[in-house]
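Any read-out appearing in this document is the output of simple, stated calculations on the displayed coordinates, not a laboratory observation. Note that this is a predicted model, so its numbers are computed, not measured. No Cβ is skipped: glycine too gets one built from the backbone with ideal geometry, and neighbour counts run over all protein chains shown.
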Amino acid sequence: MKTICTGPPLNQAPMAEDRARSRCAAATRKRQRHLHTHLQLKLTPRELIVMKRLSVSAIAALTFPMLPFEAAFAEQSSLSLGLGAAINESPYAGAGTQVNPLPLIKYDSDSFFLHGITGGYHLVDTGVFSLDAIVSLNMDGIDRDDFGRRELARNGIDRDLLEDRDNGFDAGLAASLRGSGGQLELVAKSDISGTSDGYSMNLEYAYPIRWGETRFKPHIGATHMSANLVDYYFGTLSKEQERGITRYRPGSANVSYIGLGFSQPIGKQWEVSGNIRYTSLPDELADSPLVEDGTNSSTSMFIGISRKF
């Protein structure tokens with residue numbers, strides 16, 4: 001029996017599309033088990049009536065227009081492993097372009113998932129609407145020595161007086177709505193590691209497209225960063241001010257971005273995926289003495305290859 005899924009199948013970083021694909025695969029497995037069980041039973045008239053009632057929800061799901069190519073990519077594999085590289089044009093003064101190798105780990109079950117630096121639990125999934133509880137690693141940190149001494153000096157900052165900005169751990173919720181017009185996702189996360197004690201809210205719209213076997217995902221979004229989050233990563237800290245660095249506490253900020261993801265299967269088991277994103281920095285971030293003078297944007301890329309098991 002052919003199963004139709006309604007979540008966007010594109011695999012990229014960040015992991016919104018991975019969560020959609022895992023929910024799609026989980027729903028597929030559940031429907032297959034449900035069908036297998038009922039085919040082995042001799043149904044009574046009363047059971048037939050119950051089945052007809054249960055079918056109403058499936059019919060309702062099918063009447064909702066789906067994304068252009070969801071039916072073809074209902075994944076059965078629960079594990080994939082690979083290797084990728086994240087390339088980031090850092091806005092920090094003197095940091096330049098950073099290249100970081102990243103292991104690609106993806107695990108899916110009916111309830112739990114792990115996609116790279118994000119893991120979670122499926123709370124609700126109707127095929128059209130889903131809600132996940134998530135935990136993730138915040139990798140926005142930077143070591144003091146990664147700043148350029150000369151570039152910071154132009155901004156009036158002595159690098160030796162700075163503190164490191166650490167990575168953190170976040171927890172929150174991710175809600176997604178999918179239909180023929182694309183996918184809308186809202187993610188709310190808060191720092192649970194005591195690193196910044198801040199939070200962020202991200203709203204993203206995406207429209208997956210398929211061209212042959214290649215899948216593309218253009219997307220646009222905006223992130224609200226709380227005052228604590230911005231002040232930690234782009235402001236000056238209390239210890240630094242005590243050492244003589246000028247106080248800079250910009251408060252909350254809204255960051256907008258646009259990007260394109262892609263995924264290309266290679267045979268039945270392998271897949272190449274990637275993402276490119278352009279981020280516009282608001283004045284609260286661009287005016288920071290920690291940011292390269294004259295910088296008002298940042299570009300990041302990701303490329304990786306993985307194998308399904």
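Data table
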item: Where only alpha carbons of segment 79-308 are counted, the Rg and the Dmax (Å); result: 19.0, 60
item: Calculated from backbone phi, Karplus (6.51, -1.76, 1.60) coupling profile of segment 197-205 in Hz, x at Gly/Pro; result: 6, x, 9, 9, 10, 10, 10, 9, 10
item: Volume in Å³ per residue [convex hull over Cα atoms, computed for segment 84-183]; result: 141 Å³
item: Residues with amide H under 5 Å from that of L102, placed H, sequence gap 5 or more; result: G84, A85, A86
item: N167 long-range amide H proximity, modeled H, under 5 Å; result: G141
item: Table column - 3J(HN,Hα) (Hz), segment 230-242, Karplus curve with 6.51, -1.76, 1.60, x for Gly and Pro; result: 5, 4, 6, 8, 10, x, 9, 8, 4, 4, 5, 5, 5
item: Trypsin sites (Lys or Arg not before Pro) within segment 242-292, DSSP loop, no more than 12 other Cβ atoms inside 10 Å; result: R247, K268
item: ³J(HN,Hα), Karplus 6.51/-1.76/1.60, whole Hz, each residue of segment 213-219, x for Gly, Pro; result: 8, 7, 10, 10, 9, x, 8
